[in-house]
Amino acid sequence: MRLNNYKSITLLLLTFFFSFPLVAQDYAPSADKVSPVLINSTLPDVEVKDLNGKSHSMLDLAKENKSVFIFYRGGWCPYCNRHLADLKQIEKGLADMGYTVYAISADRPELLSKTLDKNELSYTLLSDAPMTAAKALGIAFKVDDATVQRYKSVGIDLEADSGHDHHLLPAPAVFITDTEGVIKFKYVNPDYKQRIDGGILLAAAKAFM
């Protein structure tokens, strides 16, 4: 009799538990906890926006040419600006191998031209302000409240820059994709001060020609 009661209670608890949807966290609590998608995964079919606010499917962009997708934190980040400027030195080499370069950040579209002009860039900058692409690729993380306030104290307003109050950023990352949108190479480093060397990126791109 007791066994039957135990089974009934267990069944009741399981029914109660599974009657509520299970929501997966689509971002990490910190940069060092991100879980990027695996090599040979297909790029998610998510939208990003250009500096005019026009939406583009990342997957469709990848299918136009072999692509290099660079995720950076924003135009306010000096390490990101240095990295974007360094990419100018290898852009021609990538183009000669048939690659198109896209740099994507949490900045809203209206701010992209400022970053382009400041660094005199010729490749394409895109906005992932809602962090949809970063979430889908497993590189989005939430900035803690103390850091958000510290940034504000030095003039960096994540909400104003993104147009959202999610306080999310991408861990700096690079994805190389083929013309089917398959990820052939990735580099993700939770330390925002560390970026992939241009020579290594060129070598990786050459390996997948």
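Points worth noting:
- Checking H83 against (1) closer than 17 Å to H167 by Cα; (2) buried (at least 18 other Cβ atoms within 10 Å of the Cβ); (3) of a type outside the set (A, V, I, L, M), the condition it does not meet: (1)
- Residue list for the stretch 50-63, filter: in contact (Cβ under 8 Å) with a residue 24 or more places away in the chain, under 10 Å from G181 (Cβ atoms) and not small (G, A, S): M58, L59, L61, K63
- Top-ranked residue in the stretch 150-190 [being among the acidic types (D, E) and surrounded by 15 or more Cβ atoms within 10 Å (Cβ to Cβ); ranked as nearest to the chain's Cα centre (by Cα)]: D161
- Strands (runs of 3 or more DSSP E) within the stretch 119-209 that include 3 or more residues within 20 Å of A95 (Cα to Cα): 124-127, 173-177, 183-188
- Just one of the numbered conditions (1) touching a helix residue (DSSP H, G or I) at 6+ places or on another chain (Cβ under 7 Å); (2) over 16 Å from Y102 (Cα atoms) is not true of Q149: (1).
- Condition met for T147 (touching a strand residue (DSSP E or B) at 6+ places or on another chain (Cβ under 9 Å) and either among the aromatic types (F, W, Y) or over 12 Å from Y72 (Cα atoms) (or both)): no
- Near pairs, Cβ below 6 angstrom, 6+ apart or cross-chain, from the stretch 153-180 (without any contact (Cβ under 8 Å) to a residue 12 or more places away in the chain) to any residue that is of a type outside the set (F, W, Y) and part of a helix (DSSP H, G or I): D165/E159
- Of the strands (runs of 3 or more DSSP E) contained entirely in the stretch 31-72, those carrying at least 1 residues that are at pLDDT 95 or above and over 18 Å from E91 (Cβ atoms) fall at 47-49, 55-57.
The values are calculated or read from the model by the stated rules, or taken from the named source; none is laboratory data. Predicted model, so just to flag it, every value in this text is computed and none were measured. Note: ideal-geometry Cβ built from the backbone for every residue, glycine included; neighbour counts use all protein chains shown.
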